[in-house]
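Data first, discussion second: the structure below is written as structure tokens.
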Amino acid sequence: VSQKLLFDRIDEPGLATLAVYEARGGYASLKRALAMPREAVLQELLDSGLRGRGGAGFAMGKKASFLPKGTMDKYLVCNADESEPGTFKDRELMQKSPHMLVEGMIIAAFAADANRSFIYIRGEYEQQAEILEVAIAEAEAAGYLGERILGSEHSLSLVLHRGAGAYICGEETGLLDSLEGKRGNPRLKPPFPANQGLYQGPTLINNVETLATVPHIIQMGGQEYAKLGTETSTGTKLVSVSGNVQRPGNYEIELGMPSREIIFGLAGGPDPGREVKFWFPGGSSSPVLLPQDLDLPYDFDSMAKAGSMLGSGAIIVVDDTIPVIDVALKLAKFYRHESCGKCTPCREGTNWTVKMLERIEDGEATPMDLDIIASVQDQIMGNCLCVLGDAMAMPLASMVSKFRDEFEAHIELRRSQAGLGLPVAVAAGAHA
Amino acid sequence: MTVARFGHGSRIPGWDDAVDLTKDPAGIPDPANTDVPEALRSQVEAAMAKYPDFRSAAIPALHAAQELHGWCSPEAIEQVACVMRLTPAYLTAVATFYDMLETKPVGRHTVYVCTNISCSLRGADELYAAVQEAAGDDPDFNVRAFECLGACDIAPMASVNGAYVGPLALTDAQQLVEDLRAGREVLPEKQLSRRACADPGAAA
């Protein structure tokens, strides 16, 4: 069993209240951080090697150091929009230990010299929003938030902002537009949010899990934290395992743990008699991996080397009873629905992909259509303001290339069922 | 009049409808002849006060209006526009973007059934059909197939008036609807809020 930082006794009754959180040493890291010079706190974050837990995996300390110096209003925004399919780690963290996030935000704001902060929580998380609302009020009453926190020079306000159901608002610039009261359309980058973010001011945006890790880094020391995990993927990570496994749920692991141990050891693997067909290592936006990839260590670089990504740390396991086209169509429909419509390749590309996959199901496709699907994905990637289109294109392209035989067999089967073309024998083992 | 290009029908409701060119665009509603309920006004004003830019309160304000009116009706939007000093068009643009803001009248019981990948691998599509059937044509119900709700550990699941329940069997659909009709807590033993962490090391 690897070390627990975020999930240490997470089910302790009353942990969501300030009293219990303080009784187990909560807010001690904040007191320690406020007694340190700002630069030293930032240095601890840099030393920790903590990489963003939301999906992109950018070094958190580095991102915080990008904020310009000066006396202008600076903002810290916590991205609690968690809408990547398969991801549910932040939900459990906010519901059970909201003060850990609040403490992390105060320390991160101190390190980045931000004086206003926001939590953008997805609208569907009503219960979690209520819990956070109470926790923020408690922290305010205890003097952890507000003017001159605990007698220091640092002041911080914290506002909880509820979204209203849009996947795109998990994208940092879409989130900022939504937080400004607009439609959640992404912005052109650069300028990056660190220079021009919320209300055109310098803004640091981090995921819930990233910020909740900050108190632990201050407590342990950045260099000590960096000893956990691998050299380039330090620390522990919450992994959401779901799909065809026997024990779906959130697990805290040390980065670098073999993927097989997570999927089989912790989550119990697929039901008896079934095999892993493919798996998403980092949410539905990550290219799929095959059973032979199960022995890879689960960390940022190993996943990238295998042609996929760690993303938000959401493993979705698909077993051998599921036709790959069902997953592909589900995925494409989701991204079509969630595309904000600002950039043409994404808006049209997602729509065309759905249409072409439906054409396969209607028996009107030919194997040539697979090449067209692949070329549409190719034309989406890298051609939009944000990566929503890529988030469909990458897994879809990987499914078409890795399961081409199954797609072709499916096309022939549907064609013959529709009475089009000559019936062709279905490849052995393919979905009927 | 139908726009010829979209003669086959568009996915976007109202797109094909002709605009009345004799009408002026709606401006910011006049407070003198816009009746805003006091409770809504104070909620919207409180939300506006929380942000450096009052426009940030658009979503919370529309949420509040939806709670009062049941949906973001033209009347609800006009009231919010009046308090926020924005045009109804601005707020309509916001309301139509977000899935949880309803731009058509809906039932007061909201049931979102997650039908995204992880849930559908465990039978969410069948569950959605079962819930739809159990609710029938009861106008009090707003049953929707929803995108990933972030609770794949209890797949297949549903969000019932904001409370997550799961994992749901097909037979739970009837109970879910009956609990809602009777005003009881829905499927208490399946509420996410009572679920322990799956990680065996977390309990130690």
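Bear in mind that the values in this text are calculations on the coordinates, not laboratory data. This is a predicted model, so every value here is computed, not measured. Every residue, glycine among them, receives a Cβ derived from its backbone with ideal geometry; neighbour counts consider all protein chains shown.
If you go through the stretch A:246-264 one residue at a time, do you hit one that is closer than 30 Å to A:ALA40 by Cα and among the basic types (Lys, Arg)?
The answer is no; no qualifying residue exists.
Can you tell me which residues in the stretch A:401-422 are surrounded by fewer than 21 Cβ atoms within 10 Å (Cβ to Cβ) and not in a loop (DSSP other than H, G, I, E, B)?
Scanning the stretch A:401-422 gives A:SER401, A:LYS402, A:ARG404, A:ASP405, A:GLU406, A:GLU408, A:LEU413, A:ARG414, A:SER416, A:GLN417.
State the number of residues belonging to the stretch A:184-207 that are within 24 Å of A:GLN127 (Cα to Cα) and facing chain B (nearest Cβ under 9 Å).
1
Take the stretch A:36-87 and flag every residue that is under 28 Å from A:GLY151 (Cβ atoms) and among the charged types (D, E, K, R).
If the condition is that a residue be under 28 Å from A:GLY151 (Cβ atoms) and among the charged types (D, E, K, R), then A:ARG38, A:GLU39, A:GLU44, A:ASP47, A:LYS69, A:ASP73, A:LYS74 are the ones that fit.
Just the residues that are more than 14 Å from chain B (Cβ to nearest Cβ), among the hydroxyl-bearing types (Ser, Thr, Tyr) and either farther than 14 Å from A:PRO215 by Cβ or more than 27 Å from the chain's Cα centre (by Cα) (or both), please, taken from the stretch A:1-37.
Hit for the stretch A:1-37 is A:THR17, nothing else.
When you scan the stretch A:269-279, do you find a residue that is surrounded by 17 or more Cβ atoms within 10 Å (Cβ to Cβ), more than 27 Å from A:LEU388 (Cα to Cα) and within 11 Å of another protein chain (Cβ to nearest Cβ), even just one?
yes
I need the full set of residues from the stretch B:135-149 which are touching a Gly at 6+ places or on another chain (Cβ under 9 Å) and not in a strand (DSSP E or B), in order please.
B:ALA135, B:ASP138, B:PRO139, B:ASP140, B:GLU147, B:CYS148
Cβ-Cβ under 9 Å, sequence separation 6+ or interchain: first residue in the stretch A:312-334 and farther than 15 Å from B:CYS114 by Cβ and at the interface with another protein chain (Cβ under 8 Å from one of its Cβ atoms), partner surrounded by fewer than 21 Cβ atoms within 10 Å (Cβ to Cβ) and among the polar types (S, T, N, Q). Which pairs?
Close Cβ pairs satisfying both conditions: none exist.
Give the residue that is surrounded by the most Cβ atoms within 10 Å (Cβ to Cβ), with candidates limited to residues of the stretch B:71-125 that are among the small types (Gly, Ala, Ser) and within 17 Å of the chain's Cα centre (by Cα).
So, considering only residues that are among the small types (Gly, Ala, Ser) and within 17 Å of the chain's Cα centre (by Cα), the one surrounded by the most Cβ atoms within 10 Å (Cβ to Cβ) is B:ALA95.
Considering the stretch B:47-62 alone, what residues qualify as being in a helix (DSSP H, G or I) and over 22 Å from the mean Cα position of the chain (by Cα)?
B:ALA49, B:PHE54, listed by residue number.
Just to be sure I understand, how many residues within the stretch A:68-83 are in contact (Cβ under 8 Å) with a residue 40 or more places away in the chain and either more than 15 Å from A:ASN206 (Cα to Cα) or hydroxyl-bearing (Ser, Thr, Tyr) (or both)?
Just the residues of the stretch A:68-83 that are in contact (Cβ under 8 Å) with a residue 40 or more places away in the chain, to begin with: A:68-69, A:72-83.
Keeping just the survivors that are either more than 15 Å from A:ASN206 (Cα to Cα) or hydroxyl-bearing (Ser, Thr, Tyr) (or both) gives A:68-69, A:72-73, A:75, A:83.
Of the residues in that region, 6 qualify.
Within the set of pairs 6 or more residues apart or between chains, which connect a residue that is within 7 Å of chain A (Cβ to nearest Cβ) inside the stretch B:137-159 to a residue that is assigned to a strand (DSSP E or B) and small (Gly, Ala, Ser) with Cβ atoms less than 6 Å apart?
Listed pairs, sorted by first residue: B:LEU149/B:SER159; B:CYS152/A:SER242; B:ASP153/A:GLY249.
Quick test for you: out of A:ASP47, A:ASP73, pick the one residue that is surrounded by fewer than 24 Cβ atoms within 10 Å (Cβ to Cβ) and within 20 Å of A:LEU175 (Cβ to Cβ).
Within the list A:ASP47, A:ASP73, the selection yields A:ASP73.
All but one of (1) part of a helix (DSSP H, G or I); (2) within 30 Å of A:GLY282 (Cβ to Cβ); (3) in contact with a strand residue (DSSP E or B) (Cβ under 6 Å, 6 or more places away or on another chain) hold for B:GLN132; state the number of the condition that does not hold.
Result: B:GLN132 fails condition (2) only.
Name, by its number, the condition in (1) among the small types (Gly, Ala, Ser); (2) touching a residue at least 12 places away in the same chain (Cβ under 8 Å); (3) in a helix (DSSP H, G or I) that does not hold for A:ALA365.
Status for A:ALA365: all satisfied but (3).
Is it the case that B:GLY162 is free of Cβ contacts under 8 Å to residues at least 24 places away in the same chain and facing another protein chain (nearest Cβ under 7 Å)?
The answer is no for B:GLY162.
For B:PRO105, state whether it is within 14 Å of chain A (Cβ to nearest Cβ) and within 26 Å of B:ALA182 (Cβ to Cβ).
no
Step by step: first the residues of the stretch A:133-155, then only those that are buried (at least 19 other Cβ atoms within 10 Å of the Cβ), more than 14 Å from chain B (Cβ to nearest Cβ) and of a type in the set (A, V, I, L, M), then the one that is nearest to A:LYS96 (Cα to Cα). Which residue is that?
Within the stretch A:133-155, the match that is nearest to A:LYS96 (Cα to Cα) is A:ALA135.
Checking the condition part of a strand (DSSP E or B) and under 30 Å from A:GLU361 (Cα atoms), which residue from A:LYS237, A:LYS277 passes?
None of the other options fit; the residue is A:LYS277.
Need the failing condition index for A:LEU176 against (1) out of contact with any Leu (no Cβ under 7 Å at 6 or more places or on another chain); (2) not in a loop (DSSP other than H, G, I, E, B), just the number.
It fails just one condition, (1).
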